[in-house]
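Colleague: Have a look at this one.
Bear in mind that the values in this text are calculations on the coordinates, not laboratory data. Remember, predicted model here, so these are calculated numbers, not experimental data. Cβ coordinates were reconstructed from backbone atoms using ideal geometry, including for glycine residues, and neighbour counts include every protein chain displayed.
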Amino acid sequence: MQGLHIHGIHHAYGETAVLENVSLTVPAGELVCLLGPSGCGKTTLLRVAAGLEKLQTGSITIDDTVVAEPGLELPPEERKIGFMFQDYALFPHLTIRENVSFGLFRQSKRAAHERAMEMLHQVGLDHYAEDFPHTLSGGQQQRVALARALAPAPRLLLLDEPFSGLDTNMRARIRDETLNMLKQTNVATLMVTHDPREAMYMSDRIKVMGANGQVLQSGRPVDIYYKPVDEYVARLFGPVNVIQGSVCQGGLETSFGRYPADEIGDGGDMRVLIRLEGVSLHNGAATPGDAPVEVLSAHLLGDSSIVHIRFKEGANQGLEIRARVHGSFDPTESGEVWARVDPRCVFQYAGTPS
Amino acid sequence: MTLQSSQGAAPRPRRNGVGRSWGWWDGWTVGALVIAGLAVLPILAVILIAFTPGDDIWSHLASTVLPGYIVTTLELMAGVGAGTLLIGVSAAWLVTMCRFPGRRIFEWAMLLPMAMPAYVIAYVYTDLLEFAGPLQAMLREMFGWSSKRDYWFPEIRSTGGAMAMLTLVLYPYVYLLARAAFLEQSVGVLEASRSLGRGPWRSFFTVALPMARPGIVIGISFALMETLNDFGTVDFFAVNTFTQGIFDVWMNMNNIAGAAQLATVLLLFVAVIVLSERYARRKQRFHNTTSKYQPLPAYRLRGGIALLATGFCTVVVTLGFLLPTFVLLAYARQYFDPVLALEISAHAANSVQLSALAGVIAMLVAIVVAYSVRIKGGPLLRAVGRMAGFGYAVPGAVLAVGVMVTLGQVDNRLDGFMRDSFGISTGLLFSGTIAAVTFGYLVRFLALSLGTVEAGLGKITPSMDGASRNLGRGALATMYRVHLPLMRGSVLTAVLLVFVDCMKELPMTIILRPFNFQTLATFVHQYASDEQLGEAALAALSIVAVGILPVIILSLVIARSRPGAGAAMGGDH
C-alpha cells in the first residue's frame, strides 16, 4: 500500500511510557492529524517515524518498504521523509535558496537550483532567495521550512505543530496556503497538533491521543465531532453543558425530554453532554421537545453569541446552561423564548465526573 | 536505550543505520571520561599528597605562617571583592542605563583593563609611586621635603596596594556580568517601580540591583578566583597569601607535602567561591521572568552629574589601562636595545608556540567533551563535562603542584618499569618539559574553550540535526555542512581565549617550565622583580597587546548585543 503504515508502536523514556500500541495508516494524498495534549507522545511518534528516535517496538512501513522494525533501522537520511519542525530549524548560515536546496544534493547544481526556485515560487518567496532566514518574518520562515521539506519530493511529510509559532491572524492564512500546497503535491502527510480546530480544518482523518500516549479515537473529523467515544474527546472540541442525574425506569428525564439509558441500570449515574452550539433559541411557536427558558445574559463574540439561559420548568427547572447562537442575540426582545437541542450534539455517558 | 536485544528476533543484516553509529558514539563517551579524569588528576593528587603522612610540617605551618596566610588572603579577597563590586556595578549601571558624554566609548573601553595582567600593573605602579619614583620626587621638590620622615605617603607594596592593583584589572568581570544582567532586565519592572512612586535611585536599589544580584555574584566570584590565582603581584609586594606561601614552601623549603597541604586549604577557599557562584547561577534562571523586551530607559544625565559620570569612567580606565600602557610605552622607547629585543622575540616565540599548542589542544578536547555531552547526554556525561572544566577555579600554583606530583609519579613508575623490564632508564620524561607546562595550561583553561564550544553548539538546535538528516545527509555530512560552518566562530574564539590566558599565565609557568626556559611572562616577572622595569617594558607591552584581542571580541559582542541577547560571552569568563 502506498503511504505510511505504522504498526504497534510502544515507546518509553526510561520507565515512562509515551506511546502505547499506536497503529495508524496515512494513504498517499491524505492528511492525518494526531491530536492530543502536549507531552502525550505525538512528537515522539513523528520522530520515530522519521528515524530521529530509535524504534523500540512495532514496525514502520513507507510505500511497502519496511523502514524500521526491531533489528532494522533505516537511518533518517535514507527514508525519504520530509519533516517540518516546530521551530522550523532553518540553517542560519545558509540563504533561503540554499536552505531549500539542502536536500537536493543528489541532483545537478542546475536542477537543484531550478527546483529550489520553483518551490520558493510556490510559496511566494522567490524574491527572498538570497536573503538569510533571520531577515524573514515567522510566517515566511514557516513557508521556507515547508518548501525545504517538500523540495526533495518526499514520500511522506511529517509536520510537528507547524503553525504554533504564528500569531492568530496569520495562522489561518498560512494554514490555508499549506493545505493547498499539500493537496497539490499529493503527498501523504502526518501532522501533530494540540489545536482541535486546526485538526478538524486540516485533516482527512484525526487520531485523538490521550495523555498516556494511547489512541482514544480515530476517524473523520465529522465522526469524532459528532460521535465522541467519551467525555474527554467530547470536551476536546469545545465547551459543553452537562446535565447529571440518576437513571429511572431505563432513562434520564430532562427538560428537553427523556434520554434512554439501556446499559445503565436504574439508580445508576448518567451524564448528558450538550454542545453549546447544539442548543438553539427561538421565540416562535413551540414544537415538541422545546423547553421554555429564561434568558439571563448574552455575550456577543462577533460571529456568534454565548447566551446564558435557565430552564423554567421540567426535570431541570432552575438549571442554568449556555447556548452558542449565530450572530447577536437581544435578550430584551419580548415573548417566550424556547430552547431546542440538536440531537447530534447530545452525548450520553455513564457515571459521575471524576 | 538498546531494546533491540530484548526483542529476541533473529539478527537481520543491519543497514548502515542509527544502530551502528550509536556504537561509534560510544568512543565519544570514553574520550570524555578520559579527558575529565586527566583534568581532575592534578587536583586529586594535591589532596592525596596533603593527606599522606610524612615528615610532619603541618603542625609547624599551622603554628607559624598559616594564620597569617589565612588573614591576609581573606583581607585581600574582601578588599578586591568590595572594590570590584563598587567599580564594576557603578560602571555597568552608568553605561547601560544612563546617557552621558563618552558613554558609547566607555561601553567597551571599561573592558580594557582586562588586557592588563595584575603583575604588570603592579610593577608599573611601584615604579611610579615608590620613594624613588617620579611622583614622590615631584612632591618632595614641590614642598621641599628631603626625607621619608618629612611626609606620609601610602606604601604601594602592601596588602592595600595589592587590593588596588587587583581591583583595577579585575573589576571588568563584575562590569561585564552586571551589565548583562541589567540588559536582561525587563524594562517593565523598572517602569512599574517608577509608576509606584519610586524615583530612579530608589528603583535602582530596590529593583534593578536585587534583580542583577546573581550576575554580580558570578562576576565577583570570577574576580576572587583570579585574586587567589594571582602570584606575580603578591610576590612582588611581599604580601603573604596562600599562593605566595605555596611557592615559599615548595621552592624555598623544598617541601612537597607542605605545599600540598597549603594548597588543599586554599582549595577550600575556592570551593566556597565556586559554590556561591553555582548558587547564584541557579538563582539567575529565575530572575529572568519575562521574554518581552523593550528598549532600555535612558536617564539623561546633565551638567555636573554627567561630568561626574564621565570623570569616574575616565579615571578608572586611565588607572587600569591608559596610564600603565603609557608608562610601558615610554620605557620601551627609552630602553630599546636591539640585542634585548632579539632576546625578547625568542621568549615571545616560546610564549606563542606554547600558548597556541595549548589553545588548539584545548579546543579539540573541548569539542570531544561537548559533543559527547550533546550526543549521549545523561547525568553522567553532564557531570563529566563540569568536571573537565573544574581546573579553571583552581589557582595556578595549586595546579602546578598537582601536575608536578602527577607527572613525577608517572615518570618514576615508567622509569622503574623500563629498568626492571628492559634495563633502560628513561629518567624524567615529562617533568620539567613543555609537555608538563602544556598539561598544566590545559587543565587550568579547558573550561574556557569548553564554555565557548558548548555555547556555540547550543545555538544549533537538535531540530537542525534532524532537518539535515531527513533531507538526506548522513551524520558526517551533517557535521560538515551544518555544525562546522555554524561552529567556526566559537571554535576560533575558544582557541583565542585559551591562547591569551596562556600568554599571561605566570605561576604555573614558573613552576613547570623546563630549566632556563623563558616565556614573556616569566621574563617580565624576573626583570621587573629585579627593578628593571625598563628592560621588561617591551615584553610586558607584548603581553598587553595580545590581551587586547579578547577585549575586542567582547566589545563586538557587546556592540551586537541587544536587550534580550545579553552579553553572552560574559558567562565564559
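Colleague: Which distance in nm do the two modelled labels at B:Ala132 and A:Thr168 give, with both placed 7 Å along the Cα-to-Cβ direction?
Modeller: So the two model labels end up 8.1 nm from each other.
Colleague: Relative contact order of the range A:113-245: what whole-number percent is it, with Cα pairs under 8 angstrom and at least 6 residues apart?
Modeller: 16
Colleague: Taking 8 Å as the Cα distance limit and 6 or more residues as the minimum spacing, I'd like the relative contact order of the range A:23-87 as a percentage.
Modeller: Across the range A:23-87, relative contact order equals 21 percent.
Colleague: Next question, about the same structure. Label-point separation (nm) for A:Asp303 and B:Thr426, each offset 7 Å from Cα along Cα-to-Cβ?
Modeller: 8.0
Colleague: Could you give the length gained by full extension between B:Phe515 and B:Arg300, i.e. 0.36 nm per residue of separation minus their alpha carbon distance, to one decimal place?
Modeller: Full extension of this stretch gives 71.6 nm more.
Colleague: What does the charge count around B:Ala475 come to, taking other residues whose C-beta lies under 10 Å from its C-beta (Lys +1, Arg +1, Asp -1, Glu -1)?
Modeller: 0
Colleague: May I pose another question? Using every Cα-Cα pair within the range A:103-241, state what percent have a distance larger than 17 Å.
Modeller: The calculated P(r) of the range A:103-241 puts 65 percent of pairs beyond 17 Å.
Colleague: Taking the radius of gyration and the Kirkwood hydrodynamic radius from Cα positions alone, what is the Rg/Rh ratio for chain A, to two decimal places?
Modeller: Rg/Rh: 1.08.
Colleague: According to the square roots a ≥ b ≥ c of the eigenvalues of the Cα gyration tensor, what is the shape class of the range B:283-433, taking rounded for a/c under 1.5, prolate for a/b larger than b/c otherwise, and oblate for the remainder?
Modeller: oblate
Colleague: Quick one: net charge around A:Gln249, please, counting Lys, Arg +1 and Asp, Glu -1 for every other residue with C-beta under 14 Å from its C-beta.
Modeller: Overall, the nearby charge balance is -2.
Colleague: Give me the net charge of A:Ala116's neighbourhood, meaning all other residues with Cβ under 14 Å from the Cβ of A:Ala116; Lys, Arg count +1, Asp, Glu -1.
Modeller: +1
Colleague: For A:Lys312, give me every one of the lysines with a C-alpha distance below 30 angstrom, ignoring sequence neighbours fewer than eight places off in its own chain.
Modeller: Filter leaves A:Lys227.
Colleague: Please report the spacing between the Cα centers of the range B:459-493 and the range B:101-168 in Å, no decimals.
Modeller: With the range B:459-493 and the range B:101-168 each reduced to a Cα centre, they are spaced 51 Å.
Colleague: Take chain A, connect every pair of alpha-carbon atoms lying under 10 Å apart with a spring to form a Gaussian network, then pick out the residue of A:Ile306, A:Ile60, A:Ile96 with the largest mean-square fluctuation.
Modeller: Comparing A:Ile306, A:Ile60, A:Ile96 in a Gaussian network model of chain A, the most mobile one is A:Ile306.
Colleague: Moving on to the next point. Could you pull out every one of the lysines with an alpha carbon less than 22 Å from that of B:Lys283, ignoring same-chain neighbours closer than 8 positions?
Modeller: Within the straight-line cut-off, B:Lys283 pairs with B:Lys292.
Colleague: Is the shape of the range B:394-528 best called rounded, prolate or oblate, per the rule: a/c under 1.5 gives rounded, else a/b larger than b/c gives prolate, else oblate, with a ≥ b ≥ c the square roots of the Cα gyration tensor eigenvalues?
Modeller: It is oblate, given that a/c is not under 1.5 and a/b is not larger than b/c.
Colleague: Beyond 23 Å between alpha-carbons counts as too far, so tell me which of A:Lys80/A:Lys183; A:Lys54/A:Lys183; A:Lys80/B:Lys376; B:Lys376/B:Lys459; B:Lys459/B:Lys504; A:Lys80/A:Lys109 fall in that bin.
Modeller: A:Lys54/A:Lys183; A:Lys80/B:Lys376; B:Lys459/B:Lys504
Colleague: For B:Glu107, B:Glu343, B:Glu184, which order do you get if you count the other beta carbons within 10 Å of each Cβ and list the fewest first?
Modeller: B:Glu343, B:Glu107, B:Glu184
Colleague: Calculate the length of the line joining the C-alpha centroid of the range A:241-319 to that of the range A:82-117, in whole Å.
Modeller: 56
Colleague: With an 8 Å cut-off on Cα pairs and a minimum separation of 6 or more residues, tell me the relative contact order of chain A in percent.
Modeller: 16
Colleague: Classify chain B as rounded, prolate or oblate from the Cα gyration tensor: take a ≥ b ≥ c as the square roots of its eigenvalues, call it rounded if a/c is under 1.5, otherwise prolate when a/b beats b/c and oblate if not.
Modeller: oblate
Colleague: As a footprinting exposure proxy, order B:Cys313, B:Cys98, A:Cys345 by other Cβ within 10 Å, with the fewest listed first.
Modeller: B:Cys98, A:Cys345, B:Cys313
Colleague: Among A:Thr287, B:Thr509, what is the fewest-to-most ranking by other Cβ atoms within 10 Å?
Modeller: Ordered by Cβ neighbours within 10 Å, fewest first: A:Thr287, B:Thr509.
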